[in-house]
Structure formats: structure tokens, C-alpha cells
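S.K.: A single structure is presented below for examination.
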Amino acid sequence: MIEQTHSTLISEDRGGPAQPLLLVRDLKKYFPVRSGLFTKEKRFVHAVDNVSFSVSKGKTLGIVGESGCGKSTTAKLVARLISADSGKMVFDGDGVVEYGGIALKEFRKNLQMVFQDSFASLNPRLTIEQTIAYGPTVHGIPAHEAKSQARELLQRVGLSPDQFASRYPHELSGGQRQRVNIARALAYQPRLVILDEAVAALDKSVQAQVLNLLQELKQERQLTYLFISHDLHVVHYMSDEVMVMYLGQVVEKGPVERIFNTPAHPYTKALLSAIPSMNPAKRTLKPPLEGDPPNPINPPAGCRFQDRCPHVMDLCRNVSPVLMNVTNIDAFSEHTVACHLNQGMRL
Ligand code: SF4
């Protein structure tokens, strides 16, 4: 493993192990939509609506949901690629600026993101070595040091520096490019890495190799991951905790085995029952989830899942359920769900 040789990239564990690395509270992002020529009414897509969660140090939080549920927007808000309308973010005990606190520069240094499109994320005019060395050089590390770190990182992600350092992105396969993206992210010595569908474009065998590499790097470098994927198998393999999103809101959250073995929200149950089984006797003949999510411009009052939920009640059409502990397990479990069925069991 590469030694941290320059103070500008060293990040300390300030808050201790009990302090979550990332705390997000009531994050909200509405995107304005263009109205008609003669319409004065302003309309907004409710992309992320009061989303709160935390990620413990050295853990992986998997975020799942159908496309359009707000998982990638949440990732971009966390990474500050877009700014939130409101909400608060605390990184290892420090509030992040524009979310009501301090330390945006420090925060950016500690966080890196790996995207699905491995090619678009790389500058086609830079060699692989230049790509990886670029960030540290900008942060003041001498060029020769950044270059030798880049070669070590290439070696660590399974690409021989002698063979790959002087190549350009178009000379690599998708899996090799994603390894370069991981090496480039690690060059900043981050503590939090956001992986947004990072293996979705890779074929299955390459995907497995990259996932194993990510798991090894997490252990070696005490990394914390925010892992976003539509692939539930992959989320199950990678995550310590899982957060399920539906139409911009969190509907269920909890330890990975709890969510996969005893899901509490009808949407999570439908998502999990849609996972293809290798057993022909367990093939699903009926789609577990019918219809489309409602329009995010005008989400319905009450529960947003009401039009697709087999258990919908009058209450669901008027009152939004809030996240509460799942009652049929134990009052102190970290398994929470936003559904009136659960709240009814509590009464
Ligand atoms: Fe279904 Fe009602 Fe629960 Fe929503 S709150 S998931 S509509 S039972």
C-alpha cells in the first residue's frame, strides 16, 4: 500500500470510530421544469425529498431503487456536484459548508466518486499515468512523487505499470478503464468513495473481479463506500446496510441481511421478488411490480407507492408514512420502514 507522503492529502479520523463518517439530514432537491408559454405556475420535479441517512466508518451503504428514484441525485448532492435546496451534511463531526457548516475544501479532499461510464470519466488526451497523477499534482505533490504513486496504484488495481502507464483510455477495455478510475479516485487518499453504478457497464466476470478489488481496497485503506446500484445481487454482496428509495424518498433502511431476509416495505418486497432465480421451479411468472412510479412533478399526497401497493388503505392516500423502527422485530433494531402497515402493528 502506498504511504501517505504529503500532508495535504492526509485525512485524519477526527471523530473516532463511533462518529459516523457521513450524516445527511433532510436533503432536498427540486428541479424546476419549463412551464408552457402561457402558464405562470412554477412546477418542480421532486428528485430528492427530505432524505436522511448516515454511513458508519469503514462500512458500505447500498442505495437501491428503480431508475428515477433519486439515488444518483442523492449521490451528486453528497458529492456537491449539484447543490441542495436545503438539508444538512456532517462529515466526521464537521458540518459541510452550504449545508450549514464548514470545511467544504476538506470535505472534497476526502470524497471521490466513480461513475458508470468509465470512458467519459477519463480525459482522452492524458495517458493513464498522467490521469492518476493529475489530482495529487494539483494538490501540491511534486510531479515525480505523484508519478511514482500513480504507478504503484496501477499495480495495486491489477494493471502492470510497464504495460499500461503510457496508454490512452481508448486503448483499454471497459474493465481496465474502471480500474484506472478506481486508481485515480484512490490517488486523492479519500475516506469516502461514492460508487454510482460503477460496475453496471461491465460484463459479469469482469464485474466480479472489480467488486472483489473494491472489497480488498476497502479493508486495506479503511474506506467507506456509498454504493449505488440497480443490481440487488451486487448490492447484497457489497453492502453492510441498505437504503431503499422510491420517488425521491427513503422507504426502508437497515442492515443488509435484515432487508434481504425480512423486508418490511411492500416496495422492497416487490423489488426482491423480482430478482431472477437460478432455480427453474422458483421462476416468477407474474411481474411483482406493475405500472410505473407516479409523476415526480406532482407526487400524490400520502404514500407515494399507493397506486402500486397491494395493501393500500384510505389512510395511505392522505397521510405520508414516516420512517419508524420495524415493530415486529425489536424496538431498538436499526431496521426502519415508512409504511402505515408497520405503524398499524405498533398501535
Ligand atoms: Fe402500501 Fe400504504 Fe404502506 Fe404505502 S403506506 S406502502 S400504500 S400499505
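S.K.: In whole angstrom, note down how far apart the Cα centers of segment 181-252 and segment 104-152 are.
M.R.: A separation of 19 Å, based on Cα centres.
S.K.: Can you give the charge dipole size of the chain about its Cα centre, rounded to the nearest 20 debye, using +1 on the beta carbon of Lys and Arg and -1 on the beta carbon of Asp and Glu?
M.R.: Here the chain has a charge dipole of around 580 debye.
S.K.: Carbon and sulfur atoms: what percent of the 1.4 Å accessible area of the chain do they account for?
M.R.: Answer for the chain is 53 percent, counting heavy atoms of protein chains only.
S.K.: Spin-label point model (7 Å from Cα, Cβ direction): what's the Ala18 to Tyr168 distance in nm?
M.R.: The two pseudo-label positions are separated by 5.5 nm.
S.K.: To continue, here is another question. So what's the projected area for segment 106-263, the Cα convex hull averaged over all directions, in nm²?
M.R.: Mean projected area for segment 106-263: 10.1 nm², to one decimal.
S.K.: A follow-up question, please. Suppose a student asked you for the relative contact order of the chain, using Cα pairs under 8 Å spaced at least 6 residues apart; what percent would you report?
M.R.: Computed over the chain, the figure is 19 percent.
S.K.: Can you give me the distance in nm between label points at His233 and Ser83, each placed 7 Å from the Cα along the Cα-to-Cβ direction?
M.R.: Here the modelled spin labels are 4.3 nm apart.
S.K.: Can I ask one more? For Glu257 and Phe119, calculate 0.36 nm times their separation in residues minus their Cα-Cα distance, and state this gained length in nm to one decimal.
M.R.: Answer, rounded to one decimal: 46.3 nm.
S.K.: Ignoring everything except DSSP H segments at least 4 long, calculate the 222 nm mean residue ellipticity for the chain; use -39,500 (n - 2.57) per segment, divide by total residues, nearest 500.
M.R.: Only helices count here, giving -9000 deg cm²/dmol.
S.K.: Quick check for you: with a 1.4 Å probe and neighbouring chains kept, what is the accessible area per residue of the chain, in Å²?
M.R.: 49
S.K.: Please identify the longest segment of the chain free of exposed chymotrypsin sites (Phe, Trp or Tyr not before Pro), where exposed means a DSSP state other than H, G, I, E or B and no more than 10 other Cβ atoms within 10 Å.
M.R.: 39-331
S.K.: In the chain, which longest range has no trypsin sites (Lys or Arg not before Pro) that are both DSSP loop (not H, G, I, E or B) and surrounded by at most 13 other Cβ atoms within 10 Å?
M.R.: No qualifying site falls inside 126-282, the longest such stretch.
S.K.: Let me have the relative contact order for segment 19-78, percent, based on Cα pairs under 8 Å that are six or more residues apart.
M.R.: That works out to 36 percent.
S.K.: What per residue convex hull volume, in Å³, do the alpha-carbon atoms of the chain yield?
M.R.: 172
The values are calculated or read from the model by the stated rules, or taken from the named source; none is laboratory data. Everything numeric in this text was worked out from a predicted model, so none of it was measured. Here Cβ is always computed from backbone atoms with ideal geometry, including for glycine, and neighbour counts include all displayed protein chains. To get the accessible areas, we keep the full protein, side chains included, count just its heavy atoms, and leave off ligands, DNA and RNA. Shrake-Rupley method; radii C 1.70, N 1.55, O 1.52, S 1.80 Å.
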